[in-house]
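*Asks:* The structure is given below, and queries will be raised subsequently.
The values are calculated or read from the model by the stated rules, or taken from the named source; none is laboratory data. Please read all numbers here as calculations on a predicted model, not as lab measurements. Cβ atoms come from the backbone with ideal geometry, glycine included; neighbour counts cover every protein chain shown. Note: accessible area is taken over every heavy atom of the protein model, side chains too, but ligands, DNA and RNA are not part of it. Shrake-Rupley method; radii C 1.70, N 1.55, O 1.52, S 1.80 Å.
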Amino acid sequence: MTSKLEQLRAMTTVVADTGDIEAVTRLKPVDCTTNPTIVLKALGTEMFADAFEEAIKWGKAKGGASDAVTEAIADRLAISVGAALAKIVPGRVSTEVDADLSFDTQASLNKARAIIAQYKERGIEKDRILIKLASTWEGIRAAEVLQKEGIDCNLTLLFSRAQAIACAEAKVFLISPFVGRILDWYKKSTGENYTSETDPGVVSVRQIYNFYKVNSIETIVMGASFRNAGEIEALAGCDRLTISPALLDELDAATGDLPRVLSPEKTTPDPLVSLDEKAFRWALNEDAMATEKLSEGIRAFAKDLGTLRGMVAKKLAA
């Protein structure tokens with residue numbers, strides 16, 4: 001019998017949520033998505049030892065203020081991971097704008113353009129890359145500008161309907177609503193256990209998917225941050241799902257029927273609405289889960305970025 005992973009591939013674009021080259025080669029996803037945590041983990045492997053040494057030599061030759069050199073090397077290393085993944089997958093690789101720029105539109109734009117330029121230096125064109133930005137008001141505004149420049153964006157750390165509406169209005173290419181982190185918050189907040197059908201993260205993505213499809217919004221919905229295979233199965237048919245290697249392996253080993261849950265043909269009325277900055281910030285403020293998880297996610301990514309820069313600084317000093 002066909003595995004559940006193969007059944008899922010027939011209705012959903014499967015994306016690997018990893019920088020593990022071996023896992024990507026083995027599991028053959030269409031796209032790969034990275035973040036500072038994934039990049040840091042990848043750079044800790046023997047596979048990227050040469051890339052680390054090359055980047056350090058490049059940085060030393062570049063010269064300049066130590067902080068600027070450290071940042072430039074860290075950027076180069078993130079591109080090295082992305083470039084390695086781009087050689088394996090046929091589709092896109094997501095590369096994240098620094099988390100500490102999440103509330104600075106212009107700085108995010110500058111960084112995004114620099115990322116695209118660095119990929120181009122390695123022969124990788126912008127149509128193979130997704131610029132990943134946090135779904136803050138400032139991040140969404142940066143994405144709006146980049147989309148007009150032909151640079152497709154992946155809006156991450158998305159936990160609420162308000163964020164999804166703002167992303168749709170900005171005409172971003174793709175959003176990554178987080179499932180597992182929403183579940184984490186509700187389990188901690190309520191003390192309850194949830195099934196795949198009642199899982200607040202699953203419910204959130206289903207509602208966003210429905211809103212987009214019923215209103216003919218072209219932005220791609222890519223569910224992310226899964227805690228178990230049940231969440232993935234409950235979103236079968238979503239445009240894309242980005243899944244960790246462990247859960248991809250679990251789905252690959254599982255058999256049995258995997259019914260399609262989400263489809264553009266199966267929608268319910270949900271009127272199109274618009275949000276200006278004031279309405280967006282108020283809606284986000286009123287959603288305690290989304291506010292807390294967005295802030296927590298930015299801090300965590302910024303911490304891992306800081307760890308990477310610390311590793312670089314130590315290498316430079318040595």
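*Asks:* Need the full-extension length gain, LEU316 to LYS120, defined as separation in residues times 0.36 nm minus the C-alpha distance. One decimal, nm.
*Replies:* 67.9 nm
*Asks:* Which of ASP257, ASP31, ASP304 ends up with the largest GNM mean-square fluctuation for the chain, with Cα atoms connected below 10 Å?
*Replies:* Residue with maximal mean-square fluctuation among ASP257, ASP31, ASP304: ASP257.
*Asks:* Looking only at the chain, where both bridge partners belong to it, what percent of the DSSP beta bridges are antiparallel (to the nearest 5)?
*Replies:* So the antiparallel bridges in the chain amount to around 0 percent.
*Asks:* Taking Cα atoms, how many degrees apart are the long axis of helix 180-190 and the longest axis of the chain, rounded to 10 and kept between 0 and 90?
*Replies:* Once rounded, the angle reads 60 degrees.
*Asks:* Given the Cα-Cα distance of ASP100 and THR45 and 0.36 nm per residue of separation, how much length would full extension add, in nm? If you can, show how the numbers build up before the last one.
*Replies:* Values: separation 55, 0.36 × 55 = 19.80 nm, distance 2.51 nm.
Here the answer is 17.3 nm.
*Asks:* Separate question: Translational D (Stokes-Einstein, µm²/s) of segment 89-150 at 20 °C and 1.002 mPa s when Rh comes from the Kirkwood sum over C-alpha pairs? Could you put the intermediate results ahead of the total?
*Replies:* Working: Rh = 11.7 Å.
It diffuses with D of about 183 µm²/s by this estimate.
*Asks:* Then there's this: Hey, got the Cα dimensions of segment 219-261 along the principal axes, in Å, largest first?
*Replies:* 31, 21, 13
*Asks:* Apply the Kirkwood formula to segment 210-318: the hydrodynamic radius equals the inverse of the mean of 1/r over all pairs of different alpha-carbon atoms; give it in Å with one decimal.
*Replies:* For segment 210-318, the Kirkwood estimate is 17.8 Å.
*Asks:* Please state, as a whole number in µm²/s, the translational diffusion coefficient that the Stokes-Einstein equation yields for segment 50-169 at 4 °C and 1.567 mPa s, with Rh defined as the Kirkwood radius across alpha carbon pairs.
*Replies:* Values: Rh = 15.0 Å.
Reported coefficient: 86 µm²/s.
*Asks:* May I have the extent of the alpha carbons of segment 9-121 along their three principal axes, as whole Å values ordered from largest to smallest?
*Replies:* Here the Cα extents, ordered largest to smallest, are 50, 34, 24 Å.
*Asks:* Within segment 254-269, whose backbone N sits under 20 Å from a point 7 Å along Cα→Cβ of THR195?
*Replies:* Hits in segment 254-269 for THR195 at 20 Å: 256-262.
*Asks:* Over the chain, with a Gaussian network built from C-alpha contacts below 10 Å, which listed residue (GLU265, GLU54, GLU250) shows the highest mean-square fluctuation?
*Replies:* Highest fluctuation of the listed residues: GLU265.
*Asks:* How much area per residue is accessible in the chain when the probe is 1.4 Å and only protein heavy atoms are counted (Å²)? Let's see the in-between values first.
*Replies:* On the way: 14010 Å² over 318 residues.
Result: 44 Å² per residue.
*Asks:* Starting from the Kirkwood radius over alpha-carbon pairs of the chain, derive D by Stokes-Einstein at 37 °C in a medium of 0.692 mPa s and give it in µm² s⁻¹. All intermediate terms of the calculation are to be shown ahead of the outcome.
*Replies:* Values: Rh = 20.0 Å.
Answer, rounded: 164 µm²/s.
*Asks:* As I understand it, the dipole of segment 1-57 uses +1 on the Cβ of Lys and Arg and -1 on the Cβ of Asp and Glu, about the Cα centre. Which of LEU40, ILE21, THR2 lies farthest toward its positive end?
*Replies:* The residue sitting farthest along the positive end of the dipole is THR2.
*Asks:* Which cross-chain or sequence-distant (5 or more) residues have an amide H under 5 Å from the amide H of ASN154, H modelled 1.01 Å from N in plane?
*Replies:* Long-range HN contacts for ASN154: ILE131, LYS132, LEU133.
*Asks:* For a quick check, take a GNM of the chain with Cα springs below 10 Å and name the residue from GLU22, GLU96, GLU296 with the largest mean-square fluctuation.
*Replies:* Result for the chain, Cα springs under 10 Å: GLU22 fluctuates most.
*Asks:* Which values, in whole Å and largest first, are the semi-axes of the equivalent ellipsoid of segment 18-67 obtained as the square root of 5 times each eigenvalue of the Cα gyration tensor?
*Replies:* 27, 12, 9
*Asks:* Compare the Cα positions of ILE79, ALA68, ALA99 along the charge dipole of segment 22-130 (+1 at Cβ of Lys, Arg; -1 at Cβ of Asp, Glu; about the Cα centre) and return the one farthest towards the positive end.
*Replies:* Checking the options against the dipole of segment 22-130, the answer is ILE79.
*Asks:* Please compute the modelled spin-label separation between LYS303 and ARG9, points set 7 Å along Cα→Cβ, answer in nm with one decimal.
*Replies:* With each label point 7 Å from Cα toward Cβ, the separation is 3.6 nm.
*Asks:* Could you give the distance between the Cα centres of segment 18-81 and segment 155-229, to the whole Å?
*Replies:* Distance between centres, Cα-based: 29 Å.
*Asks:* Take the alpha-carbon positions of segment 131-259, form their convex hull, and give its projected area averaged over all directions (one quarter of the hull surface) in nm².
*Replies:* Working: hull surface 33.8 nm².
Hull-based average projected area comes out at 8.4 nm².
*Asks:* Further question on the same structure: Using helices alone, I'd like the mean residue ellipticity at 222 nm for the chain: each DSSP H run of four-plus residues gives -39500 (n - 2.57), total over residue count, nearest 500.
*Replies:* Dividing the helical sum by the residues of the chain leaves -17000 deg cm²/dmol.
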